[in-house]
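Some notes on the structure that comes next.
The values are calculated or read from the model by the stated rules, or taken from the named source; none is laboratory data. The shown structure was predicted, so the numbers you read here are calculated from the model rather than taken from an experiment. All Cβ positions, glycine included, derive from the backbone under ideal geometry; neighbour counts span all protein chains shown. Please note that ligands, DNA and RNA were not included when accessible areas were found on the heavy atoms of the full protein model with its side chains. Shrake-Rupley method; radii C 1.70, N 1.55, O 1.52, S 1.80 Å.
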Amino acid sequence: MLICGEPSGDQLGAQLMAAVRRLEGDTVRIVGVGGPAMAAQGLQSLFPLDDTAVMGLREVVPRIPAILRRVRQAADHALETRPDAVVLIDSPDFTHRIARRIKRLAPSVRTVNYVAPQVWASRQYRARKMARYFDLVLALLPFEADFFEKHGLHAKFVGHPVIERAALMTGGAALRARLGIAKESPLLAVLPGSRTSEVRFLLPVFKEAVTRIAHEIADLVCVLPAVAHVAARIREDAKTWPVPVTVLEGEADKFAAFDAADVALAASGTVTTELALARTPMVVGYKVGWLTAALMRPLIKVNYATLVNILLGREAVPEFIQERCKPEALVGAVITLLRDERAREHQVHDLQRATATLGLGGESPSLRAAQAVLEFARESREKAGSL
C-alpha cells in the first residue's frame, strides 16, 4: 500500500510504482492514495489529493475534520487489507497520523517512511518518536541514514528519486518555438508552488517582482508551470501581469519550460531540485502565515531552506525566506542572473555539484527504493507465516 498527500509525493510514488513493476511485473498488487501520476501507473486512489494538499495554520485548521476523516479512511483500509508493507510518502502531518493509527490498532502491519521529514533540521526528538510507528525509513539524503539509526530507527539510503527526472529536462527550443518566444528573448520561469496556500502567499509577491523586473529587462517573457488544482487560479491572475506570460500544465511542458528558461523564480521545495537537474539558475522565495512562521522559527536548526544550499553548506542559490521574501529583494537577485553570464555559470556549476551528491550518475534511486520495499515486504510475509 502506497500513500501520499500532495503532488510532489505523487510523483515519487509513481516512480516507485514503475520501479516495482519493472522488478516484479504484475505480481505485486498496489493500493492506496495518490494523484494523477500514480493513477497513470494503475493506482485507483481511495480519495483525491486535493483533500490533503494544504499547508499553513490558516489553511489547515478549517480542513482538520475532513483531513482526519481521510486519515482514518486510509488507515482503516490498511487494517482491512493487511498489505505486506505500507509505504507512507512525504507529507508527514498527514501520513504520519496514518502510520500512528495503523501501529496503534495493528502493530504487526509493517510501515515504511519514504521521504522522511527533515527532523535533523528541526525538532530532532521526533526521530525517536518515529521509531514507534515506522519500521523502516528510506533515506533520500546521504547523511540521513546514520542520523535515524542513531535514534533507534532502521534506515537505508536509496538516493533522491528526483534525479531520475534529469533526462526529462528537454524540449526548451521546441517550447519557445511553439509559444512564439524568440531564442534571444529573456525567459523567466515563475513557480509559486503546488499548494493552494503557497500560491496565495507567493503569487502576489512574485507578480510584483516580475513587474519591477520588466522595467529593467526589455522584452521579458514569463512562463508559469502549474499543477492542475492551482492552474485555474494562476491562469486568472496571469491575465493582469505586465509581461507576456503563458500558464503551462503537465510534466512535459514543465520540464520543457525549465530547459527553455534563462532563470527561474521559484518557491522552495522539490521544484528547486528539478531546476538544479535542468541546470537552470534560480532565485528562491518562500513565506507562510505569520503564526506558522513564529511557531516554527525557534525549532529550525539549519541555515538554509533550499536543498542545494543545505547539501553544499552555503548559499549557492539566493534564497529569501519569510520577511525577506519581498519583491525588491527578489528583483535584484533575478536581474543579476539575467544580466551576468558569469553569475549564471557559477550557479550552474554549484547545481551540478549538489545533484551529484544525491546519486546522479549512479543506480536509479527509485529502483533501489523498490528493491528495499520488496525485500522488506518479503520479510514481513515470512515473519507473519512463522507466527
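For the reader, a short list of remarks on this structure follows.
- If only residues of the stretch 354-387 that are charged (D, E, K, R) and surrounded by 14 or more Cβ atoms within 10 Å (Cβ to Cβ) are counted, the one that is farthest from Glu274 (Cα to Cα) is Glu379.
- Of the numbered criteria (1) among the basic types (Lys, Arg); (2) farther than 22 Å from His346 by Cβ; (3) out of contact with any strand residue (DSSP E or B) (no Cβ under 9 Å at 6 or more places or on another chain), the one Arg233 fails is (3).
- Scan of the stretch 191-234 for residues that are in a loop (DSSP other than H, G, I, E, B), more than 15 Å from the chain's Cα centre (by Cα) and β-branched (Val, Ile, Thr), ordered by number: Ile217
- Within the stretch 157-186, considering residues that are within 23 Å of the chain's Cα centre (by Cα) and modelled with pLDDT of 95 or more, the one most open to solvent (accessible area, probe 1.4 Å): Thr170
- Test result for Pro83, assigned to a loop (DSSP other than H, G, I, E, B) and either aliphatic (A, V, I, L, M) or under 30 Å from Gly289 (Cα atoms) (or both): no
- One residue stands out in the stretch 196-212 among those that are open to solvent by 40 Å² or more (accessible area, probe 1.4 Å) and touching a strand residue (DSSP E or B) at 6+ places or on another chain (Cβ under 9 Å): the one that is farthest from Ala329 (Cα to Cα), namely Phe201.
- Hey, Gly250 on the phi > 0 side of the Ramachandran plot, among the small types (Gly, Ala, Ser), touching a Pro at 6+ places or on another chain (Cβ under 9 Å) and free of Cβ contacts under 8 Å to residues at least 60 places away in the same chain or not: yes
- Yes/no for Leu138 being part of a strand (DSSP E or B), of a type outside the set (Phe, Trp, Tyr) and farther than 24 Å from Gly313 by Cα: no
- Complete set of residues in the stretch 213-243 that are charged (D, E, K, R) and surrounded by fewer than 17 Cβ atoms within 10 Å (Cβ to Cβ): Glu216, Asp219, Arg233, Arg235, Glu236, Lys239
- Members of the stretch 90-130 found to be polar (S, T, N, Q) and either in contact (Cβ under 8 Å) with a residue 40 or more places away in the chain or in a loop (DSSP other than H, G, I, E, B) (or both), listed by number: Ser91, Thr95, Ser108, Gln118, Ser122, Gln124
- Taken over the stretch 11-53, the residue count meeting the criterion of being farther than 13 Å from Leu88 by Cβ and part of a helix (DSSP H, G or I) is 19.
- Selection status of Ala189, of a type in the set (Gly, Ala, Ser) and at pLDDT below 95: no
- Lone unmet requirement of (1) within 20 Å of Ser8 (Cβ to Cβ); (2) open to solvent by less than 80 Å² (accessible area, probe 1.4 Å) for Phe147: (1)
- Cβ pairs under 6 Å, 6+ apart, first in the stretch 355-370 and at positive phi, second assigned to a helix (DSSP H, G or I) and β-branched (Val, Ile, Thr): Gly359/Ile163
- Given (1) more than 19 Å from Leu16 (Cβ to Cβ); (2) out of contact with any Leu (no Cβ under 9 Å at 6 or more places or on another chain), number of the condition Arg123 does not satisfy: (2)
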